[in-house]
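In what follows, a single structure is set out as structure tokens and then discussed.
The values are calculated or read from the model by the stated rules, or taken from the named source; none is laboratory data. Fair warning: this is a prediction, and the values are worked out from it, not measured in the lab. Here the Cβ positions follow ideal geometry from the backbone for every residue, glycine too, while neighbour counts run over all protein chains shown.
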Amino acid sequence: MSASVGIDVGGTFTDLASVGADGRVEARKVLSTPSDQSVGVAASLAALGASGRSVARVAHGTTVVTNLLLERRGARVALCATAGASDLLELRRQDRASLYDLSADHPPPLVPPERVVAVHERRDPRGVTLALTAHEAERVADEIAEIAPEIVVVSLLHAYDDDAHERLLAEAIARRLPGVDVVCGAAVLPEIREYERTATAVAEGYARPRVATYLDHLSRRLAGGGYPAPEVMTSGGGMRTAAEAAVSAASLALSGPAGGVVGAAAVLRAASLDRALTIDIGGTSADAGLILDGEPLVEPGGAVAGVPIALPRVLVETVSAGGGSIAWVDDGGALRVGPRSAGAVPGPVAFGRGGTQPTVTDAHIVLGNLDATRLSGGVQLDVEGARRAVAALADTLGASQERTAEAIVLIADAEMARALRRVSVERGIDPRSCALVAFGGGGPLHACALAGLLGMRTILVPPHAGVLSALGLAIAPERRDAAVSVMRPAAEIDAAWFAHALPALADRAVGSRAAVRHTWHARVRYAGQGHELDVPCAPSDDGAELAARFTHVHRARYGFTLERPVEVVALRVAAMGEPVRVDFSAPLPAESTFTGPRVVTLADATMVVAAGWSARALPIGGWLLERA
């Protein structure tokens, strides 16, 4: 057994990349099966033609959690919360869904008020002020039993500092409801902020039963073909076994997009570059990311489908702009593109699978940017059908077919450029100092236009561009995370504390014994601030060094510093395993340099080299585009 196989399930295509013992890559692409993603996974392995005995590892990127949150079809969850603080999910942060739209609302909480049980217990930062009695724990367990939940979440005030009450209540519920899983908030996120911790724990409970069912179903399907159980990409950019992923569902919210940024970082390092923006354009959406010093930027968390999940995740900004995004005219007569997508079924009109509304892919066909008659994945293009669909929209607008197609593509470009600005400019990064790594089926199509909108002068179209997310999955190392609350001024922390605390935290990371590399980050803020920044740290640091590093990061991000004490809120560690070696070497094509404009059909994507750009084939495969 030697091959490491990565399988990325997208909205339109399921991509597979297999890395052999010699580091060579094979790729396959099949249409996704939204009704049962595992069918597409099995179909991609069948297309590879490899036997189960030749596959040592199946690494999987899944959108199951994202879809559950978007479609609100997760488990029936009951929540136990401290009395007097049981409305956290509804109160949120008391911010508006839209600053200027008073009619806009946040999505409803995953647990409605009638399934929230108030617990008469309380602790504050100084300790317990109202003890949780055994009688109260039994009362709560009885009330939970009446709700008949699929899973229970226990999230109590200040449990990050001491989770004894959460554990006592979880034990009482487990006795009352044997077989019903109980999720403790402090076990999921041992950090301050009651709302974020509760929301993250609820997201875990909401997704866990469905994720466990899906992974069990997928494991059985793979086992039937003789393949190993899958490993699953986490939002943080590392792999976990299916068994571990089944009980850490919230960490899978950005499973698929994270693989693309990991793959882009590997190609970037192979090309001797270390700083880039990434754009992964698929059939349903586009994902923008950021790579600094050759590594994907990992943030402490963010919202997914309106649900805060405060767990480490590779920075990815997703917008509803992809090849399948539908072009339409709104009530005011303006042309719009997305957020609705034709997806895999029926797909763009050009796919000939029943689609009737024009999409970005259809617009590219009208403009001559897709000159192939057949796409990888076995899709035969209906060129005339695409033209008819765009022509019908053009008639509605009173414009020419070509002008309408140009406008469709420009609108999609503008949406993707905004995502790229959000991951760069809003973090103090000048896009002009970065290369643009463009991948996915549509990345090389839009790369020159996006680079032009951001003033960027260098584009890297990676080898295996159309399946780079799958390749990132195939080569990603195992990763385990652990965190601990600190809540101490940096001035009170000496080198001896760091030398003890950081290795001790590493020992808590499950599976860290197999790790070959550890990275630590401290969550740091000025005293009194309502937010933190992640600052890298090491066992050799002390509080003064960390404070100076935080000051530098704060100035770079926000453009100013404060004359206030610096406070360490929490510590995190990532324990990383050995990555899979990949051989990116490739023979140069007969014509290895040229200038645009030109359309180049790649093995699994199409590259547009615009006027004013030159293209040079790279020894690692792929192309480097530079503005003339």
- Item | Residues satisfying the stated conditions in segment 570-598, i.e. surrounded by 14 or more Cβ atoms within 10 Å (Cβ to Cβ) and either under 30 Å from LEU311 (Cβ atoms) or among the acidic types (Asp, Glu) (or both) | ALA570, LEU571, ARG572, VAL573, ALA574, ALA575, MET576, GLY577, PRO579, VAL580, VAL582, ASP583
- Is it true that some residue in segment 109-130 is modelled with pLDDT under 90 and surrounded by 15 or more Cβ atoms within 10 Å (Cβ to Cβ)? no
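Matching residues to (1) of a type in the set (Asp, Glu); (2) within 30 Å of the chain's Cα centre (by Cα); (3) assigned to a strand (DSSP E or B):
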| position | (1), (2), (3) |
| --- | --- |
| ALA570 | no, yes, yes |
| GLU578 | yes, yes, no |
| VAL582 | no, yes, no |
| GLU591 | yes, no, no |
| ALA603 | no, yes, no |
- Task: Return a yes/no flag: does segment 54-69 have any residue that is of a type in the set (Val, Ile, Thr), farther than 16 Å from ARG208 by Cβ and part of a helix (DSSP H, G or I).
- Result: no
- Task: Give just the number: which of (1) at pLDDT below 95; (2) of a type outside the set (Ser, Thr, Tyr); (3) under 25 Å from GLY612 (Cα atoms) does PRO477 not satisfy?
- Result: (3)
- Does ASP287 satisfy being under 29 Å from ARG72 (Cβ atoms), without any contact (Cβ under 8 Å) to a residue 24 or more places away in the chain and either of a type in the set (D, E, K, R) or outside any loop (DSSP other than H, G, I, E, B) (or both)? no
- Query: Based on what the data block shows, is ARG421 under 31 Å from the mean Cα position of the chain (by Cα), at pLDDT below 95 and among the basic types (Lys, Arg)?
  - Reply: no
- Task: Examine segment 509-530 for a residue that is of a type outside the set (A, V, I, L, M, F, W, C) and touching a Cys at 6+ places or on another chain (Cβ under 7 Å), and state whether such a residue exists.
- Result: yes
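For segment 27-41, give me the residue count where each residue is among the polar types (S, T, N, Q), in contact (Cβ under 8 Å) with a residue 24 or more places away in the chain and surrounded by fewer than 24 Cβ atoms within 10 Å (Cβ to Cβ).
If we filter segment 27-41 for residues that are among the polar types (S, T, N, Q), which is where we start, we get 32-33, 35, 37-38.
Going one step further and asking which of them are in contact (Cβ under 8 Å) with a residue 24 or more places away in the chain, we end up with 32-33, 37-38.
Going one step further and asking which of them are surrounded by fewer than 24 Cβ atoms within 10 Å (Cβ to Cβ), we end up with 33, 37-38.
Residues in segment 27-41 being among the polar types (S, T, N, Q), in contact (Cβ under 8 Å) with a residue 24 or more places away in the chain and surrounded by fewer than 24 Cβ atoms within 10 Å (Cβ to Cβ): 3 in total.
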- Give me a count of the residues in segment 114-155 that are farther than 30 Å from ALA212 by Cβ and of a type in the set (Ser, Thr, Tyr). 2
- Message: Please go through segment 238-267 and give me each residue that is under 14 Å from the mean Cα position of the chain (by Cα) and either among the basic types (Lys, Arg) or in a strand (DSSP E or B) (or both), ordered by number.
- Response: MET239
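Is it fair to say SER235 is assigned to a helix (DSSP H, G or I), among the polar types (S, T, N, Q) and either surrounded by 21 or more Cβ atoms within 10 Å (Cβ to Cβ) or not assigned by TED's automatic domain parsing to the domain that holds LEU297 (or both)?
Numbers: assigned to a helix (DSSP H, G or I): no; among the polar types (S, T, N, Q): yes; either surrounded by 21 or more Cβ atoms within 10 Å (Cβ to Cβ) or not assigned by TED's automatic domain parsing to the domain that holds LEU297 (or both): yes.
Judged against the criteria, SER235 is not a match.
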- Regarding ALA556, is this residue surrounded by fewer than 13 Cβ atoms within 10 Å (Cβ to Cβ), in the same structural domain as ALA483 (by TED's automatic domain parsing) and either touching a residue at least 40 places away in the same chain (Cβ under 8 Å) or part of a loop (DSSP other than H, G, I, E, B) (or both)? yes
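List the strands (runs of 3 or more DSSP E) inside segment 83-160, counting only whole elements, that have at least 1 residues being of a type in the set (S, T, N, Q) and under 35 Å from the mean Cα position of the chain (by Cα).
On the way: elements: 116-119, 122-124, 127-130, 151-155.
It comes to 151-155.
Would you please name the residue that is farthest from the chain's Cα centre (by Cα), looking only at residues in segment 268-284 that are more than 22 Å from ALA417 (Cβ to Cβ) and part of a helix (DSSP H, G or I)? Outline the logic, then answer.
Taking segment 268-284 as the starting set, the residues that turn out to be more than 22 Å from ALA417 (Cβ to Cβ) are 269-272, 274.
Then keep just the ones that are part of a helix (DSSP H, G or I); that gives 269-270.
Values: ARG269: 21, ALA270: 23 Å.
Among those that are more than 22 Å from ALA417 (Cβ to Cβ) and part of a helix (DSSP H, G or I), it is ALA270.
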- Within the bounds of segment 266-282, is there any residue that is in contact with a Phe, Trp or Tyr (Cβ under 8 Å, 6 or more places away or on another chain) and either outside the structural domain of GLY622 (by TED's automatic domain parsing) or over 16 Å from ILE459 (Cα atoms) (or both)? yes
- Message: For the structure I just gave you, tell me whether GLY441 is modelled with pLDDT under 95, assigned by TED's automatic domain parsing to the domain that holds ARG275, closer than 23 Å to LEU468 by Cα and small (Gly, Ala, Ser).
- Response: yes
- Query: Taking into account only those residues within segment 1-24 that are among the hydroxyl-bearing types (Ser, Thr, Tyr) and free of Cβ contacts under 8 Å to residues at least 60 places away in the same chain, which is nearest to ALA253 (Cα to Cα)?
  - Reply: THR14
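To keep it simple, each residue is scored yes or no on (1) at pLDDT below 90; (2) touching a Gly at 6+ places or on another chain (Cβ under 6 Å); (3) under 21 Å from LEU297 (Cα atoms).
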| position | (1), (2), (3) |
| --- | --- |
| GLN529 | no, no, no |
| SER540 | no, no, no |
| GLY543 | no, no, no |
| ALA548 | no, no, yes |
| THR551 | no, no, yes |
| PRO565 | no, no, no |
| GLU578 | yes, no, yes |
| VAL582 | no, yes, no |
- Give the residue that is nearest to PHE13 (Cα to Cα), with candidates limited to residues of segment 469-523 that are in a helix (DSSP H, G or I) and acidic (Asp, Glu). ASP507
- Filtered residue count, segment 575-628, keeping only those that are touching a strand residue (DSSP E or B) at 6+ places or on another chain (Cβ under 8 Å), polar (S, T, N, Q) and free of Cβ contacts under 8 Å to residues at least 60 places away in the same chain: 4
